[in-house]
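> The structure is given below, and queries will be raised subsequently.
The values are calculated or read from the model by the stated rules, or taken from the named source; none is laboratory data. Computed from a predicted structure; not experimentally measured. Here the Cβ is made from the backbone with ideal geometry for all residues, glycine too, and neighbour counts use every protein chain on show. SASA here: full protein model, heavy atoms, side chains in, ligands and nucleic acids out. Shrake-Rupley method; radii C 1.70, N 1.55, O 1.52, S 1.80 Å.
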Amino acid sequence: MNWLGATGVKVSRIALGTMSFGGDADEATAGSIWRAARDRGVNLIDTADVYNEGRSEEMVGRLMKSERDSIVLATKAYFPMGPDVNARGTSRYHLVRAVEASLRRLATDRIDLYYMHRFDDVADLGETLRAIDDLVRSGKILYPACSNYAAWQVAHALGMQHAAGAAPFVAIQPMYNLAKRQVEVEILPMAKSLRLAVIPYSPTGGGLFTGKYGAARRPERGRLLDNKMYATRYDGSYELAEKFSALAAELGHHPATLSVAWVASHPAVTSVLVGGRNVEQLTPTLAAAELVLDDATRARISALSPEPPPATDRNEEKTAHNYGAR
């Protein structure tokens, strides 16, 4: 268990993402996935209103009914929830309705961790933050959070919340895996410094780092093959996947287990989101809860992909060729 930022709440090292619920995972399969995760000690459950048009939230609501008070429940809002032009974004107009709709689908009286699913490029940030604070004061949200925000957007929001005496973001949810390491530049250092919880998603790269893909190897089906968004996101990463699978075999771990453990090994990471279409797919990622990597092993894995340059682009500062350090 790790602390959820500075909240005093403890959450499991692995969190269950339920994006497949109501889609690839029907009611029975979702129930099996739920039980497998809960039996492994997972208490952080993550969904979103947009997942399968609200069906994921509905399934989570039914599954958690008898154990609601032992679960830290997270959901999100931003993406379109219907054809109406205002059924999206993070305006006060939409957020009030989105929270009410999520509470109905989840059959609960509060949302423990409520994410802005994406930064809203149109809505005034002050309006968004005031709306969230009002929802906290009404008891419908316990803790605000954000997903897919840049570091400056998180820091700017926190500054505005502090100045207004409003409930601050306590957690962030960025994408993080061996092929997507941009968060190491500013987001993870920021979170560690400001005591924000970090709950990364996509630790296996949509299946890229599960042993199914290689330079000339593809499974019969998979998210990278069936979903153009994921195919675009990880285009050009198949050789990296092959190198990673080879190292996982050398180390004696399932690639999916190792990929999740690598994400979890970053000192700023609180909990790692895992999910799947069925229990068989989920099992090796859940096993990462017991795999703690030492610094040398993390370094070997990290060396497989390029380390992103520092935010200032002064890459010489990590060498002896610089003006000096404190």
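> What's the number of the only condition in (1) assigned to a loop (DSSP other than H, G, I, E, B); (2) touching a residue at least 60 places away in the same chain (Cβ under 8 Å) that Phe209 fails to meet?
(2)
> Going by the conditions given, is Val263 surrounded by 20 or more Cβ atoms within 10 Å (Cβ to Cβ), within 27 Å of Arg195 (Cβ to Cβ) and either touching a residue at least 12 places away in the same chain (Cβ under 8 Å) or aliphatic (A, V, I, L, M) (or both)?
yes
> Can you pull out the residues in the stretch 45-68 that are over 14 Å from Ala107 (Cβ atoms) and out of contact with any strand residue (DSSP E or B) (no Cβ under 9 Å at 6 or more places or on another chain)?
Glu53, the sole residue that qualifies.
> How about the stretch 58-91: which of its residues are over 23 Å from the mean Cα position of the chain (by Cα) and in contact (Cβ under 8 Å) with a residue 40 or more places away in the chain?
Once the filter is applied, which keeps residues that are over 23 Å from the mean Cα position of the chain (by Cα) and in contact (Cβ under 8 Å) with a residue 40 or more places away in the chain, the stretch 58-91 yields only Lys65.
> Something else: Could you list, in sequence order, the residues of the stretch 105-142 that are in contact with a Phe, Trp or Tyr (Cβ under 7 Å, 6 or more places away or on another chain) and open to solvent by 50 Å² or more (accessible area, probe 1.4 Å)?
Arg118
> Taking the stated definitions as given, is Val96 of a type in the set (A, V, I, L, M), within 16 Å of the chain's Cα centre (by Cα), open to solvent by 30 Å² or more (accessible area, probe 1.4 Å) and farther than 20 Å from Val260 by Cβ?
Spelling it out, it is not the case that Val96 is of a type in the set (A, V, I, L, M), within 16 Å of the chain's Cα centre (by Cα), open to solvent by 30 Å² or more (accessible area, probe 1.4 Å) and farther than 20 Å from Val260 by Cβ.
> Let me ask something else. Here is a list: Ala150, Ala167, Ala157. Which entry is surrounded by 19 or more Cβ atoms within 10 Å (Cβ to Cβ) and farther than 17 Å from Asp49 by Cβ?
On inspection, the qualifying residue turns out to be Ala157.
> Those residues that are in contact (Cβ under 8 Å) with a residue 60 or more places away in the chain, part of a strand (DSSP E or B) and under 17 Å from Ser193 (Cβ atoms), I need them from the stretch 140-182; list them, please.
Ala171 - this is the single residue of the stretch 140-182 that is in contact (Cβ under 8 Å) with a residue 60 or more places away in the chain, part of a strand (DSSP E or B) and under 17 Å from Ser193 (Cβ atoms).
> Any idea how many residues of the stretch 45-79 are among the acidic types (Asp, Glu) and open to solvent by 10 Å² or more (accessible area, probe 1.4 Å)?
4
> Looking at the stretch 219-233, I want the residues that are on the phi > 0 side of the Ramachandran plot and have a partner that is open to solvent by 60 Å² or more (accessible area, probe 1.4 Å) and polar (S, T, N, Q) with Cβ atoms under 8 Å, at least 6 apart or on another chain. Which pairs are those?
Here the result reads none, with nothing in the stretch 219-233 linked to a residue that is open to solvent by 60 Å² or more (accessible area, probe 1.4 Å) and polar (S, T, N, Q).
> Name the residues in the stretch 176-197 that are among the aliphatic types (A, V, I, L, M) and either on the phi > 0 side of the Ramachandran plot or surrounded by fewer than 19 Cβ atoms within 10 Å (Cβ to Cβ) (or both), would you?
Across the stretch 176-197, the qualifying residues are Val185, Leu194.
> To continue, here is another question. Among the numbered conditions (1) open to solvent by less than 30 Å² (accessible area, probe 1.4 Å); (2) in contact (Cβ under 8 Å) with a residue 60 or more places away in the chain; (3) of a type outside the set (Asp, Glu), tell me where Lys243 comes up short.
Only one criterion in (1) open to solvent by less than 30 Å² (accessible area, probe 1.4 Å); (2) in contact (Cβ under 8 Å) with a residue 60 or more places away in the chain; (3) of a type outside the set (Asp, Glu) is unmet by Lys243, namely (1).
> Right, another one. So for the stretch 106-126 (the condition being in contact with a His (Cβ under 6 Å, 6 or more places away or on another chain), under 20 Å from Thr7 (Cα atoms) and either at pLDDT 95 or above or in a helix (DSSP H, G or I) (or both)), does at least one residue qualify?
No.
> Which members of the stretch 40-60 meet the condition of being in a helix (DSSP H, G or I) and out of contact with any Leu (no Cβ under 9 Å at 6 or more places or on another chain)?
Selection gives Tyr51, Asn52, Glu53, Gly54, Arg55, Ser56, Met59.
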